[in-house]
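Engineer: Take this structure first; my questions come after.
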């Protein structure tokens, strides 16, 4: 399994399952990609603020 580092801006978010989010990122190298943020909707999750719309993030993708 290959791991890549991706910089990008989150342009959309959708709720998925109980505590997960599907986010759409716009990246300079890969274009528009979809990512899953597991557990991002939990109240004490560290991903809660980082997966809001129009935030610039570095994502480690598999």
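Read-outs throughout are calculated quantities, based only on the coordinates presented, and are distinct from any laboratory measurement. Predicted model only: the values in this text are computed from it and were never measured. Here Cβ is always computed from backbone atoms with ideal geometry, including for glycine, and neighbour counts include all displayed protein chains.
Engineer: For the structure I just gave you, tell me whether residue 41 is in contact with a strand residue (DSSP E or B) (Cβ under 9 Å, 6 or more places away or on another chain) and surrounded by 13 or more Cβ atoms within 10 Å (Cβ to Cβ).
Structural biologist: Answer is yes for this residue.
Engineer: Hey, another quick one. Any chance the range 2-15 includes a residue that's touching a residue at least 60 places away in the same chain (Cβ under 8 Å) and over 12 Å from the mean Cα position of the chain (by Cα)?
Structural biologist: Filtering the range 2-15 for residues touching a residue at least 60 places away in the same chain (Cβ under 8 Å) gives 2.
Remaining after also requiring over 12 Å from the mean Cα position of the chain (by Cα): 2.
Checking the range 2-15: at least one residue is touching a residue at least 60 places away in the same chain (Cβ under 8 Å) and over 12 Å from the mean Cα position of the chain (by Cα).
Engineer: Given the criteria in contact (Cβ under 8 Å) with a residue 40 or more places away in the chain, surrounded by 15 or more Cβ atoms within 10 Å (Cβ to Cβ) and in contact with a strand residue (DSSP E or B) (Cβ under 8 Å, 6 or more places away or on another chain), does residue 59 qualify?
Structural biologist: It is true that residue 59 is in contact (Cβ under 8 Å) with a residue 40 or more places away in the chain, surrounded by 15 or more Cβ atoms within 10 Å (Cβ to Cβ) and in contact with a strand residue (DSSP E or B) (Cβ under 8 Å, 6 or more places away or on another chain).
Engineer: Hey, any hits in the range 34-42 for a residue that's without any contact (Cβ under 8 Å) to a residue 60 or more places away in the chain, part of a strand (DSSP E or B) and touching a helix residue (DSSP H, G or I) at 6+ places or on another chain (Cβ under 6 Å)? Walk me through it before giving the result.
Structural biologist: Pass one, the range 34-42, residues without any contact (Cβ under 8 Å) to a residue 60 or more places away in the chain: 34-42.
Now restrict to residues that are part of a strand (DSSP E or B): 34-37.
From what is left, the residues that are touching a helix residue (DSSP H, G or I) at 6+ places or on another chain (Cβ under 6 Å) are 37.
Within the range 34-42, one or more residues are without any contact (Cβ under 8 Å) to a residue 60 or more places away in the chain, part of a strand (DSSP E or B) and touching a helix residue (DSSP H, G or I) at 6+ places or on another chain (Cβ under 6 Å).
Engineer: Mind listing whichever residues of the range 8-29 are more than 15 Å from residue 56 (Cβ to Cβ) and either in contact with a helix residue (DSSP H, G or I) (Cβ under 7 Å, 6 or more places away or on another chain) or part of a loop (DSSP other than H, G, I, E, B) (or both)?
Structural biologist: Within the range 8-29, 17, 18, 19 qualify.
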